[in-house]
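Participant: Submitted below is the structure of interest, expressed as structure tokens.
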Amino acid sequence: MAFIDYYKVLGVDKKASEKEIKAAYRKLARKHHPDLNPNDESAKKKFQEINEANMVLTDPEKRKQYDQYGKDWKHADQYEQAKQSKSSAGRRSYSRQDFSDMGMDDDLSDFFKSMFGGASRSRQQAKFRGQDLNANLQLTLRDVYETHKQLLTLNGKKIRLTIPAGVENGQTIKISGHGGKGVNGGPNGDLFITFAITNNTAFKRLGNDLHASVDLDIYKAILGGDLTVDTFDGKAKIKVKPETPNNTKVKLKGKGFPVYKQEGKFGDLYITLQLKTPTNLSSKEKELFTELSKIRSNGS
């Protein structure tokens, strides 16, 4: 397993505070967000690394394990249990096969191998925590607009999962105790689910805010008036000021996307008004526009 330096991923010092880590995460997450880099696989991979680094370094226990064990931090509990067992058992030793049976053979570090490699199996075995598992879950933007439940089947086991509104593309959450089965009565590992969210709507999501464009006819742009627009969960009426320029942005406060795990809190919706030039003009309309053009030219 290749070692990923989470501090380097976020561009922070190893002594950085949790506040500094979160600030660095937010800055990089916005820069590499898949919605801002469509069809860019490198940006998608970078976004996933940023999420993983933030998840580990903002969790005090995980950060401690990562600082001590590096790429093998997920096996920290096994290391500690194994060292304690070896210390208390005296001549007890473990074979490589013991750990291969746990599905850990490919992930063993040189440190772990040097501690336990080559000897015979003891009759009395230590308890070991199960492997952590990773899975991807494909959802649509509308799926994650509201908190809902999903029934997943993983390794033949059904898991009822509550998905909070506002999860982001590439975000990973942990389901405790639903990973690999513990060995010799040890605790189960955890399940890490990464969300792959597709957007099949007319709205563009940037963090908790939504963006959309709406056509504005020339008459309403000049004279002003009411305009009904689509929001993510219905419709809203906005006021168009007289002589509104093309590409004017209007903010609808609280009409954006739900904020993750903050019940009742939403981002904003930004509507860009795009001037629509009339076509297939009648003779009368052309005549009126010509008259308007002359009036404008004469400054009357």
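Participant: Points 7 angstrom from Cα along the Cβ direction at E61 and N247: gap in nanometres?
Facilitator: In this crude label model, E61 to N247 measures out at 5.2 nm.
Participant: Only Cα pairs under 8 Å and at least 6 apart count here; give the relative contact order of the stretch 202-300 as a rounded whole percent.
Facilitator: Working: 162 pairs, mean separation 29.7, N = 99.
Contact order relative to length: 30 percent.
Participant: Probe radius 1.4 Å, ligands and nucleic acids ignored: give me the carbon and sulfur share of the accessible area of the stretch 124-262 as a rounded percent. Working shown, then result.
Facilitator: Working: 3740 of 7630 Å².
For the stretch 124-262, the apolar C and S fraction of the accessible surface comes to 49 percent.
Participant: Next question. As a test of reading the structure, rank E263, E287 by solvent-accessible area (1.4 Å probe, protein chains only), most first.
Facilitator: On the way: E263 180, E287 110 Å².
Order by accessible area, largest first: E263, E287.
Participant: Using every pair of alpha-carbon atoms in the stretch 140-194, split the distances into 10 Å bins beginning at 0 and state the percent of pairs per bin, rounded to integers.
Facilitator: With a bin width of 10 Å, the distribution comes to 21, 48, 24, 7, 1.
Participant: Going through the cross-link list K239/K276; K64/K158; K44/K253; K22/K261, which pairs have a Cα-Cα distance over 21 Å in this structure? Show your work: numbers first, answer last.
Facilitator: Working: K239/K276 17 Å; K64/K158 33 Å; K44/K253 29 Å; K22/K261 17 Å.
K64/K158; K44/K253, as the Cα separations exceed 21 Å there.
Participant: Could you pull out the pairs from K220/K249; K127/K181; K31/K265; K46/K71; K249/K286 whose alpha carbons sit more than 20 Å apart here? All intermediate terms of the calculation are to be shown ahead of the outcome.
Facilitator: Numbers: K220/K249 15 Å; K127/K181 11 Å; K31/K265 24 Å; K46/K71 18 Å; K249/K286 30 Å.
From K220/K249; K127/K181; K31/K265; K46/K71; K249/K286, over 20 Å: K31/K265; K249/K286.
Participant: In whole angstrom, note down how far apart the Cα centers of the stretch 181-218 and the stretch 1-51 are.
Facilitator: For the stretch 181-218 versus the stretch 1-51, the Cα centre distance is 17 Å.
Participant: Across the stretch 131-259, what fraction of all alpha-carbon pairs, as a whole percent, falls in each successive 10 Å bin from zero upward?
Facilitator: In order of increasing distance, the bins hold 11, 31, 22, 16, 10, 6, 2, 1 percent.
Participant: Given a 1.4 angstrom probe, what's the average accessible area per residue across the stretch 244-300, in square angstrom? Write down the numbers at each step before the final one.
Facilitator: Numbers: 4330 Å² over 57 residues.
Result: 76 Å² of accessible area for each residue.
Participant: Given the Cα-Cα distance of A196 and K286 and 0.36 nm per residue of separation, how much length would full extension add, in nm?
Facilitator: Values: separation 90, 0.36 × 90 = 32.40 nm, distance 5.14 nm.
Gain on extension, A196 to K286, equals 27.3 nm.
Participant: Could you state the number of Å between the C-alpha centres of the stretch 59-74 and the stretch 246-298?
Facilitator: Rounded to whole Å, the Cα centres lie 52 Å apart.
Participant: Measuring from a point 7 Å past the Cα of R30 along Cα-to-C-beta, which residues in the stretch 174-216 have an amide N at less than 19 Å?
Facilitator: 204-212
Participant: Can you pull the one-decimal nm distance between simple spin-label points at N39 and K127, each 7 Å off the Cα toward Cβ?
Facilitator: The two pseudo-label positions are separated by 5.4 nm.
Participant: Can you pull the one-decimal nm distance between simple spin-label points at K22 and K265, each 7 Å off the Cα toward Cβ?
Facilitator: Calculated label separation equals 1.0 nm.
Participant: Continuing with the same structure: Residues with beta-carbon under 13 Å from that of P242, excluding P242: net charge, scoring Lys, Arg +1 and Asp, Glu -1? Can you show the working numbers first?
Facilitator: On the way: positive: K220, K239, K241; negative: D226, E243.
With Lys, Arg at +1 and Asp, Glu at -1, the neighbours total +1.
The values are calculated or read from the model by the stated rules, or taken from the named source; none is laboratory data. Everything quoted here is computed from the prediction, not taken from an experiment. Every residue, glycine as well, gets a Cβ built from its backbone with ideal geometry; the counts of neighbours run over all protein chains shown. Remember, those area values only see protein heavy atoms, side chains included, never the ligands or the DNA or RNA. Shrake-Rupley method; radii C 1.70, N 1.55, O 1.52, S 1.80 Å.
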